[in-house]
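Nothing in this text is a laboratory measurement; each read-out follows from the coordinates by a stated rule. Everything quoted here is computed from the prediction, not taken from an experiment. Cβ placement follows ideal geometry from the backbone for every residue including glycine, while neighbour counts extend to all protein chains displayed.
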Amino acid sequence: MVKLLLAHQKAKAVGPQDSEDQATRGHSYQCSLQQKMEKMARVTTALGSNTISGCTMFCHLDAPANAISVCRDAAQVVVAGRNIFKIYALEEEQFVEKLNLRVGRKPSLNFSCADVMWHQMDENLLATAATNGAVVTWNLGKPSRNKQDQLFTEHKRTVNKVCFHPTEVYMLLSGSQDGYMKCFDLRKKGSASTFSGQSESVRDVQFSIRDYFTFAASFENGNVQLWDIRRPDRYERMFTAHNGPVFCCDWHPEDRGWLATGGRDKMVKVWDITTNRAKEIHCVQTIASVARVKWRPERKYHLATCSMMVDHNIYVWDVRRPFIPFATFEEHKDVTTGIVWRHLHDPGFLLSGSKDSTLYQHKFKDASRPVDKANPEGLCFGLFGDLAFAAKESLISGGGDSNRKPYGGGGDRRYPIFFFKKPDLTEQFAHVSSALSVFETDLESSRMDWFVKTARRYLLSGKPFGELCDHNAKVAKELNRPQVATTWTMLRIMYSDPGSLTTATGISKGGSIPLMNSFNMKEIAAGGLGSEGRLDRAKGETRQDSTHLDPGNSLLNNNDENEETEGSEGPADYLFGDAELEDDDLYPMENENATAEEAEYILPQEAFPLRHEIMDNPSVPEHLQDKVDSPHVSGNEAETVCLTPIKSFSLISISQPLYESHLPASFFSPVVREMLQHYAEAGDVQMAVSVLIVLGDRIRKEVDEVTQEHWYTSYIDLLQRFKLWNVSNEVIKLSTSSAINCLNQTSTTLHINCSNCKRPMSNKGWICDRCHQCASICAVCHHVVKGLFVWCQGCSHGGHLEHIMNWLKSSSHCPAGCGHLCEYT
Amino acid sequence: MDVSEGAGMWDGLGSRDIRSREMSMENISQEVLRRAEKIGPISKDVLQPLRSSVRSPDDLNWMLARLLMLSRRCPYADVRDKCLSVLQNVQDIGVQIPRTLGHGPSRFIPEKEILQVSKVNDKTQAIFEDTFAALGRLDNISLVMGFHPQYLESFLRTQHYLLQMDGPLSLHCRHYIGIMAAARHQCSYLVNLHVNDFLQVGGDSKWLNGLEGAPQKLQHLGELNKILAHRPWLVTKAHIKQLLKAEEHSWSLAELIHAVVLLTHYHSLASFTFGCGISPEIHCDGGHIFQPPSVSNYCACDIANGNGTPDEIQGKHALTDAPCEVEALMEKMKLLQECQEEMATRFEREKTESMLVAAAEEEDSVPTRDVSRHFEDTSYGYKDFSRRGEHVPTFRAQDYSWEDHGYSLVNRLYPDVGQLLDEKFQITYNLTYNTMAMHQDVDTSMLRRAIWNYIHCMFGIRYDDYDYGEINQLLDRSFKVYIKTVVCSPEKITKRMYDSFWREFKHSEKVHVNLLLMEARMQAELLYALRAITGYMT
């Protein structure tokens, strides 16, 4: 069963509703400090209250950027990379380069930055992580060109991340490839404390925004550690967050307990760490490894991500709706390396730097919203023909039952089962609701048994035409396909000349003709043949009526009455109603009664003396008079007296002369052609091809070669899919199209190896010309096999088919004694 | 030429159940004896050696060769013993039996030492049994790698996935690419091994006549193969574009990744093969001989590599100054740990210095004809990175690393392989027993890193955070010569070179070094190829 989750969501802006949350979550943990921190936060709010405005804009950098960071007042941004280290001012409509920090003729590796951070308390203070393992601080207040302030070279490998403490001015944290995190006190020359990650490379370090002493570190082996800055000996807590490296982590700006992590395993996870065990509360699956993750200010559930490889876009997700990004920025031409929200309290602007050497400011209003383009409905077939349909709940409930009915009732063989997916809690929260309906297929009815059986049992050649038709009609009938059966019978009638028809029916016990005729009309009417169908109808009618009129046979009469209830009602309805009755009305009824009726049909058929036909047909001319009257008779019998007699007269008056002149077979060709086309288009190419073969020259000229070829190839293809090799071969053989015929001529070579020396046999017969021994010796009787030779493909021993079959009854090992457990398929 | 075509009766030997092993052994011995008796003692004369050139699973000689192989290499003692006794019986009948040529799995390492491993180490034994059950053989490479079971497991898993499991390339193509790659280094061992496998999975023998015989598509790969093998830093976006451009014989991205992984795998495996002096398989050409010992004692591969007779004496001549060599090395490591110097310009110096290390004797040995037909442009070889006149920008490891970038790309296009390779690289990089020669509890991370970075340095990959001065301190000249030869032109390795570096270290440690060389080389090649592909994709 296909489960299709299609989330739709009223993108309700989540306001700053979390103050309550905080109150409820309130921990008594370091109360005074927290108060202090919150005060600080409020102070920054106040500072940043001057409104930020701007537009989506970008500027070219000289080199790829590795990281960016903004100044506290959101007016400047620093861009750092291997060959770039610059400060840009953010103006209304453009970036303006303010300062190039990369000075000197041949800048040392200390300028090659993996990461950069602008202090959030001190506007003049910057820190960078250098690829050579140095941690550098820069003081913009310095009068000289070189603003480098302090240099710490304590790490042995590349430093991946630097992070200032959010409230403490002099505290700087770094995480390095060598597996150590170091906390520097900027007033001292050197690290205050070192934290060891047990020789695993550190990818990211982040001070908690709310808890003074806590910081999180993410590692290359998939772990995340939480440390207390006062206890460098051992981490407070550790949990495995991802499979593979965790490239980034970010604390929620408002909710103390939330930490977002992104990893190489293409996932962003949100952890609640207030509980004893870190609990994964949200998970977003992206399409590429996650390089950076940043919570969106003022939106509790939003975060932005960018990827490290392949995917160049920046996504903003609502974590409650992880299947589709809330917004996307698609400006960059190469991977985005750094993202940062412009201001701590403004969700409207995002800055990003990229490997394509551009720096962008994205205005949130300009983002593209994938949800708008997403298809609100999904439809999928299951392995066994089940159908699943998911759609917005509003769409479905709006339509109501009438909307759904077509899906359920469309196929008469499908029994719909409706159920609504029990709404997930998180989904509900995010106003995502969709309904999923699964329509199960009844296995029995969708089986192609009838196809296989029909293919096996149909006779396509080797007997007189009439007999073939009769046989096939019988096959179809037994498989409960009355329409096809009737078609066969009709074909026989149409194309047999009266004389041969007699003999033909005489031989076969196809005494069911009147019965068939009674169906005839239903079928044709259902088949929707055009005006020509009427002719047949009329003809059928006359014929049937003629049987009624036939006085010579009392036996017949008895039986006839038996089916008259069926027979006369049918034609009456169809003829006089003069409307195309839909299949639905007709067939369900038939299907229901099918089993019950079958018994009734068969008995009279068997008992039915064929002489009826014999008498009927040769004497056609004499009966003509009766036939003119026949409508009256039938009118009497059926209750349809009131029906317009004119119409029936007209019909008969047409059919009459036609019948009289022994209708040439070619007369029916257009009808039959249409019939074939109808079958082929309705998906029953089997019927089309079978009729084509059986009719042979009678119809071949009518259907153009290409169509024929097309039918043949599709039928052969179908047969081969059902592994009906013999039938398919027969069809190929019987086809008259040269393109089909030659299918049999291809790949008829069978390469065999000598069972003695295992070399390929040349075509010299039974003797291998390399080892001069008889190659095809039966492993059981040790005689040369001529004729049917079967052998194991594993050990190439074998022999006479029957010998091997006998042998395998008693043993599963190779009769040659090679020890192989032979397998024959 | 096929190893086990139609030879169903050998399959039972891989079973873990001793009963079924016994049963199929019984079958085999009956069959062999039956044939041996048929031939009888008459065929003692000229006929035998002639027949040995025609190989087929039913050929008695082929069977005998296989029995010989089993008697030496089968991980099950019962099979080994039984094979020996069958061979003995055959000899008693009067039919000539083959004997092994060469010197065990490796020409450099005494056979005893290698085979001892599985007897001591249960894990190794288990891996050997698994491999034997899967492949019906235990190749010499696996035997030598058996010194390091942890690595071997990962190696075999990766190789199995690359060759047998789901992947965009068809099976025979995979083996053919393996042949192409190994032929680039004239590694007849790998070529022979994969020619057999190639035919076994239904490859067209016409392809084996040379690259011209292969489909256009594979011919296009020739250029990439050549560059990757010898000067990977020259691979550009344009090469990738050339292969991927939409036309009849073009590659898909997924196929290309698969091919690139295979190429780099076999380039580096060729390094290992030569570096450890892997000898031909016993049951393959050149692995056994039917002539009695006195007639001649030659081996095609030995001749091709210019070391006909093993000179055991040579290795011992300087044992006197051995111990102090190890101590000196350890002393240096300790010193380096204590004082950190600035390292900004060291890379440049090391780069130029690595050029001065000549890779073995420069005379061009003519590759054996048999192998050379699988590749073209035989003159193309390793050229030192950053010669004057050519300005190839240095590859910065921080800008494109395996962990961050390469892995994601591979895993995206060829699922699971990124993971497998990642594990393999990590195992190799972190593998240590904390021993050095006779000393215990030594932190070898510095030495391992020096070797790894030295190899990457030869390919122009630079780590900003590495002091390349360490390399000069830790790796002495003969070791550098060995490394450079193995990595850049492995076909020129001789036993003398193998013996002359780190003379007092154990063989297992030298194999460990070879693993490092092999994986570092593979990663370097992969990084260049993947960077080019990433460049193409963006």
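Structural remarks
- Tail beyond 15 Å, pair distance distribution of the range B:439-538 (Cα, percent): 65 percent
- Neighbour counts of C-beta atoms inside 10 Å place B:Met63, B:Met165 in the sequence B:Met165, B:Met63, starting with the fewest.
- Multiplying the residue separation of A:Gln285 and A:Trp725 by 0.36 nm and removing their Cα-Cα distance gives an extension gain of 153.6 nm.
- Summed residue charge, Cβ within 14 Å of A:Ile287's Cβ, Lys/Arg positive, Asp/Glu negative: 0
- Each of B:Trp207, A:Trp488 was scored by other Cβ atoms within 10 Å of its Cβ. Arranged with the fewest first, they read B:Trp207, A:Trp488.
- With 26 Å as the limit, the listed pairs B:Lys123/B:Lys506; A:Lys266/A:Lys373; B:Lys424/B:Lys506; A:Lys365/B:Lys237; A:Lys363/B:Lys237 have A:Lys365/B:Lys237; A:Lys363/B:Lys237 beyond it between alpha carbons.
- For the range B:429-472, the direction-averaged projected area of the alpha-carbon convex hull comes to 3.6 nm².
- When the Cα atoms of the range B:86-244 are aligned to their principal axes, the ranges along those axes come out at 61, 40, 31 Å in descending order.
- C-alpha center-to-center spacing [the range A:714-747, the range A:231-284] in angstrom: 63 Å
- Remark: the range A:200-253 is approximated by an ellipsoid whose semi-axes, taken from the C-alpha gyration tensor as √(5λ), come to 18, 13, 8 Å, largest first.
- Relative exposure of B:Glu470, A:Glu681, judged by other C-beta atoms within 10 Å (fewest first): A:Glu681, B:Glu470
- Based on C-alpha pairs under 8 angstrom that are at least 6 apart in sequence, the range B:168-246 has a relative contact order of 25 percent.
- Pairwise Cα separations in the range A:775-825 fall into 5 Å bins from 0 onward with the following percentages, short to long: 5, 26, 38, 24, 7, 0.
- Paired Rg and Dmax values of the range A:55-169, which use every Cα atom, in angstrom: 13.6, 43
- Taking 16 Å as the cut-off, the amide N atoms of the range A:479-497 that come nearer than this to a point 7 Å along the Cα-to-beta-carbon line of A:Lys453 belong to A:479-486.
- The range A:65-136: relative contact order in percent, alpha carbon pairs under 8 Å with at least 6 residues between: 28 percent
- The range A:216-318 shape via C-alpha gyration tensor axes, a/c threshold 1.5: oblate
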